[in-house]
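K.L.:
I'd like to ask some things about the structure below.
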Amino acid sequence: MKKRIFAACSFAALLIIEIIIGAFCGGFIRAYVGDVLIIPLIYCFVRIFYTRPNKFLPLAVGSLGISAEIIQYFDFCGIFGIDKGSLLGIIIGSHADLKDIICYISGVILIYLAEFAISKIFIGKKDTINQ
């Protein structure tokens, strides 16, 4: 239960940060920091429901982000007539960018670093990803 609460609190904190970035920030912060943090945000959301050990879960979440970029590259919205201003169109995105993929990979690395730090600081020698 503690893992779920920690994941939910982490998700809430990251969601608030993402909303603040989306509403008030521009330039580098919005373009890159928001993309880096979206992967840990999704990871924390998944960890609320899936608490079993899985060292590949961060990679799976990162792959989800990369898949979104691939969908954007092939103009999924245009092919299926999805309005780019609709909720689904906004979620999918409008244009693919290699920089976004680099941000998603950075987000995956951030997850592994955070899990390592948490395991050393709060749990001792246990590995939170493989627990």
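The values are calculated or read from the model by the stated rules, or taken from the named source; none is laboratory data. From a predicted model like this one, the values you see are computed outputs, not experimental measurements. Reconstructed Cβ throughout: ideal geometry from the backbone, glycine too, with neighbour counts over all protein chains shown. Surface areas here come from the heavy atoms of the whole protein model, side chains and all, with no ligands, DNA or RNA. Shrake-Rupley method; radii C 1.70, N 1.55, O 1.52, S 1.80 Å.
K.L.:
Give me the helices (runs of 4 or more DSSP H) completely within segment 45-122, filtered to those with at least 3 residues that are open to solvent by less than 90 Å² (accessible area, probe 1.4 Å) and touching a helix residue (DSSP H, G or I) at 6+ places or on another chain (Cβ under 7 Å), ordered by residue number.
P.N.:
57-73, 98-118
K.L.:
Which of (1) touching a residue at least 12 places away in the same chain (Cβ under 8 Å); (2) open to solvent by 90 Å² or more (accessible area, probe 1.4 Å); (3) of a type in the set (A, V, I, L, M, F, W, C) is the odd one out, the single condition Ala7 does not satisfy?
P.N.:
Tallying (1) touching a residue at least 12 places away in the same chain (Cβ under 8 Å); (2) open to solvent by 90 Å² or more (accessible area, probe 1.4 Å); (3) of a type in the set (A, V, I, L, M, F, W, C), Ala7 fails exactly one: (2).
K.L.:
Do any residues in segment 57-76 that are modelled with pLDDT under 95 have Cβ atoms under 9 Å from those of residues that are surrounded by fewer than 17 Cβ atoms within 10 Å (Cβ to Cβ) and of a type in the set (D, E, K, R), where the two are at least six apart or on different chains, and which pairs are they?
P.N.:
Glu69/Asp97; Gln72/Asp97
K.L.:
Right, here's the next one. Assuming Ile21 fulfils every condition listed in (1) modelled with pLDDT of 90 or more; (2) within 17 Å of Ile118 (Cα to Cα) apart from one, which condition is it?
P.N.:
(2)
K.L.:
Looking at Ile129 and the list (1) β-branched (Val, Ile, Thr); (2) open to solvent by less than 80 Å² (accessible area, probe 1.4 Å); (3) modelled with pLDDT of 90 or more, which single condition is not satisfied?
P.N.:
(3) is the only condition that Ile129 fails.
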